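Here's the structure we're looking at; comments come further down.
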Amino acid sequence: MRIALIGLGSVGKGVGHVLKNDKRFTITAAADSKSGVVNDKGLNIEELLAKKKTTGVCGSHEWNAMKIASEADYDVLVEVTPTNAITGEPALSVIKAALSRGKHVVTSNKGPISVAYKELQKLADENHAELRFEGTVAGAVPIINGIKHGLGGNKIKSVSGVLNGTCNYILTRMEEEGLTYSQALAEARDLGYAEKDPTYDVNGTDSAIKLVILANTVLGMNAKLSDVKMVGIDGLTADALLMAETTGQSIRLIASIDVEKNELEVSPRLISELDSLVVEGTLNAVTVDTEYAGEITFIGRGAGSVETASAILSDLLSVYEKYAE
């Protein structure tokens, strides 16, 4: 299948890595924020990334993401650009352009799915195209497909989890070493776990966006970001974590959905240190409380270039198995 790869940042590089030797897929178009390139015979992803590193662009200004989505010849658009949590743009319009042409879309971009999932799914259905987005929540952890298919037929009572690796790393380091919030954040930045501006992570917004995606795509709700009660971790002190530890408890930033009450919340919570959600470092963990299967917990790497690309590859294979001739 022919792939149009939109976004050549960390995740885009990961996608290139996992696809470069896979004979089932050929990258025939690619775009970064400034340029694009199309070659129906296939692009050499390593040469493409080397050019971007050297020149700052992957191709020419003749092509860009929207023109590729609207005009290039491909089977699946893989959209992995940075998230805009408020409008979902410009990725939202790019994805719409692809779906309108009956092109399949696989994305790890949380913005479009959180703000316009129902509209995008309707557009996909009308044009007989697939819309896949496993990589939008919990990175390599197959939580969306796990709930939709692995737990199919179960009534879901609640979902709760650690959905932000940056916050979890900070809390782990504060707990283990008694670091202050500022010290742990600085360490997370140095290691590349936190962005230069970590506001979306530490104030709970990133977790809330992922919660909205789960609510709407898996649980059939109609939630918006503004519906999520949200408290971040930036007000926590090392003393609070140490005090929790003396009582056999831990503090984690927990994102939760109570399906019956229709309540979504992100906040630091005291939980038993033996709870399955007390994971270390940048790991993610999600517990799903079901009618028949009881509580099922998914744990794994919630972010990272190749890790998120793993989720994208899973979605691509689902599309390939369904549509490849």
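Name the residue, out of SER114, SER108, SER160, that is touching a strand residue (DSSP E or B) at 6+ places or on another chain (Cβ under 6 Å), in contact (Cβ under 8 Å) with a residue 60 or more places away in the chain and among the polar types (S, T, N, Q).
SER160
From the list ASN84, ASN64, ASN39, pick out the single residue that is at pLDDT below 95 and either within 13 Å of GLY7 (Cα to Cα) or open to solvent by less than 70 Å² (accessible area, probe 1.4 Å) (or both).
ASN84
Given the structure, is ALA309 within 17 Å of the chain's Cα centre (by Cα) and part of a helix (DSSP H, G or I)?
Taking the combined requirement at face value, the residue satisfies it.
If you take the residues of the stretch 42-61 that are crowded, with 17+ Cβ neighbours inside 10 Å and within 17 Å of PHE25 (Cα to Cα), which of them is modelled with the highest pLDDT?
Across the stretch 42-61, the extreme among qualifying residues is LEU43.
Could you tell me which numbered condition VAL202 fails, if it satisfies all but one of (1) at pLDDT 95 or above; (2) over 19 Å from ILE86 (Cα atoms)?
(2)
Of the residues SER158, SER182, which is assigned to a strand (DSSP E or B) and surrounded by fewer than 24 Cβ atoms within 10 Å (Cβ to Cβ)?
It is SER158.
Being aliphatic (A, V, I, L, M), over 17 Å from GLY7 (Cα atoms) and touching a His at 6+ places or on another chain (Cβ under 7 Å): is that true of ALA124 here?
Here the answer is no, as ALA124 does not meet what is asked.
For the stretch 154-167, state whether one or more residues are within 21 Å of SER250 (Cβ to Cβ), hydrophobic (A, V, I, L, M, F, W, C) and at pLDDT below 95.
Within the stretch 154-167, not a single residue is within 21 Å of SER250 (Cβ to Cβ), hydrophobic (A, V, I, L, M, F, W, C) and at pLDDT below 95.
Residues of the stretch 118-129 being in a helix (DSSP H, G or I) and open to solvent by 30 Å² or more (accessible area, probe 1.4 Å), which ones?
Scanning the stretch 118-129 gives LYS118, GLU119, GLN121, LYS122, LEU123, ASP125, GLU126.
Just need a number here: residues in the stretch 275-325 that are of a type in the set (Ser, Thr, Tyr), more than 24 Å from ASP258 (Cβ to Cβ) and touching a Lys or Arg at 6+ places or on another chain (Cβ under 8 Å).
Of the residues in that region, 4 qualify.
Taking interchain pairs and intrachain pairs at least six residues apart, which have beta carbon atoms under 6 angstrom, with the first residue in the stretch 210-239 and within 29 Å of GLY178 (Cβ to Cβ) and the second part of a loop (DSSP other than H, G, I, E, B) and open to solvent by less than 30 Å² (accessible area, probe 1.4 Å)?
Note: pairs meeting the criteria are MET230/GLY204; GLY232/GLY204.
With respect to SER256, is the statement that it is touching a Leu at 6+ places or on another chain (Cβ under 9 Å), at pLDDT 95 or above and open to solvent by 10 Å² or more (accessible area, probe 1.4 Å) true?
Yes; evaluated as a whole, the condition is true for this residue.
If you scan the stretch 272-315, which residues turn out to be within 24 Å of LYS155 (Cβ to Cβ) and either modelled with pLDDT under 95 or open to solvent by 30 Å² or more (accessible area, probe 1.4 Å) (or both)?
Correct list: ASP275, SER276, ASP289, GLU291, TYR292, ALA293, GLU295, ILE296, THR297, PHE298, ILE299.
Would you check which residues across the stretch 130-155 are outside any loop (DSSP other than H, G, I, E, B), charged (D, E, K, R) and open to solvent by less than 40 Å² (accessible area, probe 1.4 Å) and list them?
Of everything in the stretch 130-155, just one residue is outside any loop (DSSP other than H, G, I, E, B), charged (D, E, K, R) and open to solvent by less than 40 Å² (accessible area, probe 1.4 Å), namely GLU134.
Scan the stretch 19-36 residue by residue and report those that are open to solvent by less than 40 Å² (accessible area, probe 1.4 Å) and either over 17 Å from TYR74 (Cα atoms) or of a type outside the set (Gly, Ala, Ser) (or both).
LEU19, ASP22, PHE25, ILE27, THR28, ASP32, SER35, listed by residue number.
The values are calculated or read from the model by the stated rules, or taken from the named source; none is laboratory data. None of the values given here were measured: they were computed from a predicted structure. Cβ sites come from the backbone with ideal geometry, for glycine too, and all protein chains shown count toward neighbours. Note: areas computed on protein heavy atoms with side chains; ligands, DNA, RNA excluded. Shrake-Rupley method; radii C 1.70, N 1.55, O 1.52, S 1.80 Å.
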